[in-house]
Amino acid sequence: MGSEGLPPITVHVTGFKKFQGVPENPTETLVSNLKEFVRRRGLTGPITLGSCTVLEAAGDGGLPMLYKMLESSLPDSQADSSSNGQIIWLHFGANSGAMQFAIERQAANEATFRCPDELGWQPQQLPIFSEDGEISIKKLTTCCIDWITTVLKKGGFDVVISDDADRFVCNYLYYHSLRFAEQKGHKSLFVHVPLFSRIDEDTQMEFTATLLEALATIHQGS
């Protein structure tokens, strides 16, 4: 199916700076280099790469920067959002023990940090949004992750679907992003990547570009 006449998906991407045990976060490198990589490689489908932002690996203290990014990526008028196309917030985090990529299906309404974040905050069993209910409450991505995973596997990448984004900063950010996307009628997705010592940088850059193209194929109705 062709993409003529379809408004594009605009994908805004985030990664994290260092955190305890991971002094060199691969997602900082991926996100920092993504625009240049995409410029050289190109992307197929009605997909536009928007902002690329590296966030502090912090929960509550990192929210101002997160929401500044989320709000600045919205259309000037929500009434015009349909003509401007779909917005997706694509977040990357590192899993230092992983050997493969993980597409995260959901986030929990729970802030329980196994160690202090980079600004010294360490909540334990707190609801992220008390008005949403208990810490057992989950929010699911509306992205078609089964299709995305199939496309990535066909591209030769070792990828799984995960139902647990942990309870550290990654889950905290993802829950906020899913909630914001739900309110604005857009989409959010979180992906965990291994360290470069497990899967090298070039492979991870190509994985990221292929993921963007997978989002485009969904938009085409494949």
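Annotations for the structure displayed:
- Of L152, L43, the order by accessible heavy-atom surface (1.4 Å probe, DNA, RNA and ligands excluded), from most exposed downward, is L43, L152.
- For the chain: rounded, prolate or oblate by the Cα gyration tensor [a/c cutoff 1.5]: oblate
- Scanning residues 5 or more positions from C143 or on other chains, those with amide H under 5 Å from its amide H are S188, with H placed 1.01 Å from N in the peptide plane.
- Listed values for segment 186-198 are Karplus-derived 3J(HN,Hα) couplings in whole Hz (6.51 cos²θ - 1.76 cosθ + 1.60, θ = phi - 60°), namely 10, 10, 9, 8, 10, 10, 8, 10, x, 5, 5, 6, 9, and x replaces Gly and Pro.
- Peptides ranked, highest mean first, by Cβ atoms within 10 Å: ranges 110-121, 24-35, 85-96: 85-96, 24-35, 110-121
- Between segment 1-73 and segment 193-212, the alpha-carbon center distance in angstrom: 14 Å
- Net charge over other residues, Cβ less than 12 angstrom from the Cβ of F19 (K, R count +1; D, E count -1): -3
- Close amide-amide hydrogen proximity is noted between S73 and no other residue 5 or more places distant or on a separate chain, at a cut-off under 5 Å (H modeled in the peptide plane; Pro and chain starts excluded).
- Rounded percent of accessible protein surface that carbon and sulfur make up, segment 64-222, 1.4 Å probe: 48 percent
- Kyte-Doolittle mean at least 0.0 and Cα axial length at least 18 Å: DSSP H helices in the chain: 201-219
- Rolling a 1.4 Å probe over the heavy atoms of the protein chains gives segment 121-221 an accessible area of 44 Å² per residue.
- Rel. contact order, % - alpha carbon contacts under 8 angstrom, at least six apart, the chain: 30 percent
- Comparing R40, R167, R179 in a Gaussian network model of the chain (Cα springs below 10 Å), the most mobile by mean-square fluctuation is R40.
- Applying the Karplus relation 6.51 cos²θ - 1.76 cosθ + 1.60 with θ = phi - 60° to segment 110-122 yields 3J(HN,Hα) values of 9, 10, 9, 9, 5, 8, x, 6, 5, 10, x, 8, 9 Hz, where x marks Gly and Pro.
The values are calculated or read from the model by the stated rules, or taken from the named source; none is laboratory data. Keep in mind that this is a model prediction, so the values were computed, not measured. Virtual Cβ from ideal backbone geometry, glycine too; neighbours counted across all protein chains shown. Surface areas here come from the heavy atoms of the whole protein model, side chains and all, with no ligands, DNA or RNA. Shrake-Rupley method; radii C 1.70, N 1.55, O 1.52, S 1.80 Å.
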